[in-house]
Amino acid sequence: MTVVRSTLPDEARRVSCEALQDTLVDLLGLSLIGKQAHWNVVGPRFRSVHLQLDEVVSAARTHADTVAERAATLGVPPDGRPETIAKVFSLPAPKEGWLRDSEAIEVMTEALGSAVLRLRKRIDATEKADPVTQDLLISVTADLEKQRWMFEAENSPGGS
């Protein structure tokens with residue numbers, strides 16, 4: 001059943017919606033990683049890292065909503081169910097238990113970096129298929145790159 005009909009040709013819609021679905025999974029997973037680290041971070045930079053993690057979670061959730069709505073706009077129902085995320089999510093995640101502030105920063109830097117690399121491939125894939133989706137993915141990538149930079153700067157040489 002198709003509730004919404006897209007103006008995109010079928011192949012362009014398939015490419016775009018695959019990129020959007022994969023991005024949705026990454027974003028929802030990033031929000032979970034961020035919250036897990038947020039709840040368990042300890043150390044001298046606890047407060048700043050704790051607050052920074054909330055910024056990432058908020059950004060990931062906002063982008064996830066926009067990405068899901070784009071997929072729905074193209075006539076493909078987005079799938080953000082927990083079992084879908086658990087089944088296909090593959091970004092680096094924190095270990096169980098307490099997390100030193102430096103470890104939380106490291107895992108977020110790695111997870112955000114992996115997400116950005118994956119997004120760049122999706123940007124390339126959607127270039128001809130759907131420039132509107134590509135533009136959305138570029139925007140998400142820019143924000144995640146900024147978040148990654150902010151975490152990476154926290155653990156730069158000479159820091160605590």
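The values are calculated or read from the model by the stated rules, or taken from the named source; none is laboratory data. This structure is a prediction, so every number in the text was calculated from the model and none was measured. Cβ coordinates were reconstructed from backbone atoms using ideal geometry, including for glycine residues, and neighbour counts include every protein chain displayed. All accessible areas refer to the heavy atoms of the entire protein, side chains included, with ligands and DNA or RNA removed. Shrake-Rupley method; radii C 1.70, N 1.55, O 1.52, S 1.80 Å.
Given a 1.4 angstrom probe, I'd like the percentage of the accessible area of the chain that is carbon and sulfur, rounded to a whole number. C and S atoms contribute 55 percent here.
The residues of the stretch 95-134 present an accessible area of 55 Å² per residue when probed at 1.4 Å with all protein chains retained. Which of the lysines could a cross-linker bridge to K146, judged by Cα under 20 Å and excluding same-chain residues fewer than eight apart? Filter leaves K35, K121. Computing Rg and Dmax of the Cα atoms in Å directly from the structure and comparing it against [x] 15.7, 63; [y] 16.7, 58; [z] 16.4, 55 singles out [y]. Of all aspartates and glutamates in the structure, the ones whose alpha carbon falls short of 16 Å from that of K128, not counting any fewer than 8 places away in one chain, are D10, E11, E18.
For a modelled paramagnetic label at T66, 7 Å from Cα along Cα-to-Cβ, the residues of the stretch 1-36 in reach, with backbone nitrogen under 15 Å, are 20, 23-24, 27-28. Here the contact order of the stretch 1-96, divided by its residue count and restricted to Cα pairs under 8 Å and six or more residues apart, works out to 44 percent.
Among L91, L32, the sequence by solvent-accessible area, most first, with a 1.4 Å probe is L32, L91.
Put a dot 7 Å past the Cα of E96, heading toward its Cβ, do the same for S48, and the two dots end up 3.2 nm apart.
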